[in-house]
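The values are calculated or read from the model by the stated rules, or taken from the named source; none is laboratory data. Not measured: the values here are computed from a predicted model. Virtual Cβ from ideal backbone geometry, glycine too; neighbours counted across all protein chains shown.
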Amino acid sequence: MTDYALEVEGLTKRFGGKPAVQDVSFKAACGEITGFLGPNGAGKTTTLRMSLGVISPDQGTARLFGQAPDAAGMDRVGFLPEERGVYRKMTAESVIVFFARLKGVPAGEARRRAAVMLERFGLADAAKKKIKELSKGMAQKVQIISAIVHEPDFVILDEPFSGLDPVNQSLLEQVIREQAEAGRTVLFSTHVMEHAERLCNRIILMARGRKVFDGTVDEALAQVPRQVTLGAPEGEPMESVLSGFGDLERTGVEADGAVVWRLTLKPGADAQQVLRACVEAGLKLTRFEPRRPHLHDAFVALVGEEGARDLDAPELSEA
Amino acid sequence: MRAIFLIARREYLSYVATVGFWLSLLAVPVFAIIGGAIPALIEGSQPTRYYAVIDQTGQNLDEVIRINQRAERREQARRMLEVLVEGRGEAVTERALAAFDTDPDGLGGLDAALEEADMAGARGLVAPERADAVMVDAPGSTVETLRPYLTGDQTISTPEGERPLFAVFVIDEARDVPLSVTYLSANITARELRNDVVSTLRSHLREQAFIERGLSPDEIDEVLSLSPSVTTIDARPNAAENAEVTRADRAPFVVAIVLAFILWVAVFSVANMLLTSLVEEKGGKIIELLLSTARFYDILIGKLAGVAGVSATLFLIWGGVGTLLSVVGGAALQSFDPRIAELLGSVFDPVLLAAALFFFAAGYLMYGSIFLAMGSLCDTLQDAQTLMGPVIWTLMLPLLFLFFSLEASDSMLVRAASWVPLWTPFVMMARLPADPPLWEVLGASALMLVTMLLVLWGAAAVFRQGALRQADADTVRRWFKLGGKKKSA
């Protein structure tokens, strides 16, 4: 009995001589939610396909539940691929039952589970409707149900949030938590860091086909220098008071004439020390905002602005 | 096995559980009947052709043509009557024909003949009321005056009303030949009337030549009816000594070609089903979801099995209906003509049907897997059409051999074609009734089976690449363009 649902070691894949994935190793621990993050083209989908044995790696190995991927192992996996669609002429219920039965669920039980999950996803009224009659978001929810209806031990979701509206993204986050609470292992890929930040016990960051980070969310955030945004009237001796805490940079002037500064703290310094120094120096602060780092910042810190360009920045800024 | 069964079942139901499937199932016999009836419908709907003859020889040749036309019509009616009453036995046939011949110049004896055979309702079938062509008096004497009647600018009065002239024959004497005929018509493709009139004149000229040489009319008839008696004996190894070749003996050759043609249509249409199904799955991005729940081979075999089930359903229904009709109809017709039972027996030859099943399975697997592989490379049917060209041509060529194989099944070219593995299912099927050497049948079949396995293996490899978008229609085009060089990016 292994502690890991998935173990990959040195996975490498080239297409037409061009490397898509290079020497990627990681483990998805049983019962945890693991985020597989990176911008588009980072090699996430190819890595997941190799992990499941859908395509063969040029080098390296993948082990599902401690063994090479095989039919028995795949039956314990629920996979939602990035490139997804369902039979447009089938009803929502029959699609779910079809995929459940492919995974070995008896027909009657498959229908019962389909009804329960359609209800859970707010699609009870759409059960008998053909997929072509449903909205894109509703069809995507049917695909997600199809991936988990057989109650797999290991759920792999490739970009599950893309195409869903905020309400349904929130619903999907809840479903992912429920899967984990039920003792299942969840691995999902995304280029939107906010979901990973909220959901994951562990994250793997990918860029240009390589793994650039593997650890907890806190460990990733620790890679990011802390920053404080300060505001003070023109003429206040900000530099002399604060330069010892890190790099101070003037970033602009606010409508009331106050100057805005950004202080990037050096290792060991924290916002409390900065605030204390400002009070002791008698600075007339109009603004003091310690900035909470996000995974996006961690990613930028790890691969640079260029490497993080395709990450979904607008959604991050709302976090 | 579970995945194969479920995929096959879904594929099967996606066709069979649709109204369109049952409509198309019904459409085939309906269109077959319409197709079979088209020649008769065209002939029946063809208007009577009115023509004129201008005889400038002074030999009353227009009257010769008119008399011959009447005699020809009578002879056609007599032949049809003979065919219709033949099944009622020799005595009835003799009585009916004797009644018909009571009017040696016309159709005066037809009603009595039909009554003898108890077929009074068949008069329209034996002698249609309306003649195909009717001679009328020429409304002019020169080409210039007749032309407006031929183009429809002017019309002539007929029992049907005002009609244009279909044609004019101008017959004149000539220097080096007995007669010259000038044929005028606005319809330059219909040659039947022209040929009939020319044939009548040719016979008349020969009769006149015989008369000039002193032969009596009876002697002339005797000379003109001279013809060898032909007996066709079946000399095949298993045939009885001096056994004459009957329709039942020839039937398997025709049946084999019909079966080969049905195989061709079936293989082509079901392989197309596979292609469109996979293109739909690929374009609809279903294939990867499927690949995450089943293995490549499960999907490939499941799809092939599902669509094979569709064709089996078609064959079972058509075969069932066909057998039922043959048994019921055959039993009814047997009392009419006992030879029909013999003919039906030769049509339902179990060896031929078993061979058809074998060749269908092999052909379907070869072409089905090729079409599946092509489908996996395409997101749209438009993409697929660009790849289908060479395969369609490969499929079309054996059709040409089928047409010639009835007359020339021993031709070296037909024999060679039956060895081309992709054509073997059709061409060898058509050759079977000619008893080709066993080594040829076994050798070509073995080669076909080996090719089938290779095609399946290759198709699976292409399918694997195509389904996950690691190859597409452009890859194939590039491959052919660069002579097999690999994609560089």
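Things to note:
- Candidate set from the stretch B:137-182 (those that are part of a strand (DSSP E or B), touching a residue at least 24 places away in the same chain (Cβ under 8 Å) and of a type in the set (D, E, K, R)); member that is farthest from B:Pro47 (Cα to Cα): B:Glu173
- Just one residue in the set A:Gly122, A:Gly85, A:Gly73 is outside any helix (DSSP H, G or I) and either more than 8 Å from chain B (Cβ to nearest Cβ) or over 24 Å from A:Phe36 (Cα atoms) (or both); that residue is A:Gly122.
To keep it simple, each residue is scored yes or no on (1) at pLDDT 90 or above; (2) exposed (fewer than 14 other Cβ atoms within 10 Å of the Cβ); (3) touching a Phe, Trp or Tyr at 6+ places or on another chain (Cβ under 8 Å).
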| position | (1), (2), (3) |
| --- | --- |
| A:Val260 | yes, no, no |
| A:Lys266 | no, yes, yes |
| A:Ala269 | no, no, yes |
| A:Asp297 | no, no, no |
| A:Leu302 | no, no, yes |
| A:Glu306 | no, yes, no |
| A:Arg309 | no, yes, no |
| A:Pro314 | no, yes, no |
| A:Glu318 | no, yes, no |
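- Per the listing A:Phe65, A:Phe36, the residue uniquely more than 14 Å from chain B (Cβ to nearest Cβ) and over 29 Å from B:Asp379 (Cβ atoms) is A:Phe65.
- Odd one out for A:Ala42, checked against (1) surrounded by fewer than 21 Cβ atoms within 10 Å (Cβ to Cβ); (2) touching a residue at least 60 places away in the same chain (Cβ under 8 Å); (3) part of a loop (DSSP other than H, G, I, E, B): (1)
- Residue in the stretch B:294-301 that is over 19 Å from B:Met452 (Cα atoms) and within 14 Å of chain A (Cβ to nearest Cβ) present: yes
- Number of residues in the stretch A:15-31 that are among the charged types (D, E, K, R) and either modelled with pLDDT under 90 or crowded, with 18+ Cβ neighbours inside 10 Å (or both) equals 2.
- Candidates in the stretch B:43-62 are the residues that are among the acidic types (Asp, Glu) and under 16 Å from B:Val181 (Cβ atoms); of these, the one that is nearest to the chain's Cα centre (by Cα) is B:Asp62.
- Against the list (1) on the phi > 0 side of the Ramachandran plot; (2) touching a residue at least 12 places away in the same chain (Cβ under 8 Å), the condition B:Val198 fails is (1).
- Of all residues making up the stretch A:91-104, the number that are facing another protein chain (nearest Cβ under 8 Å) and on the phi < 0 side of the Ramachandran plot: 5
- Residue in the stretch B:220-236 that is under 22 Å from B:Ser409 (Cα atoms) and of a type in the set (Gly, Ala, Ser) present: yes
- Subset of the stretch B:302-313 (residues that are crowded, with 23+ Cβ neighbours inside 10 Å and hydrophobic (A, V, I, L, M, F, W, C)): B:Leu304, B:Val307
Residue-wise test of (1) away from every other protein chain (no Cβ under 11 Å); (2) at pLDDT below 80.
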| site | (1), (2) |
| --- | --- |
| B:Ala3 | no, no |
| B:Ala8 | yes, no |
| B:Leu13 | no, no |
| B:Leu26 | yes, no |
| B:Phe31 | yes, no |
| B:Pro39 | yes, yes |
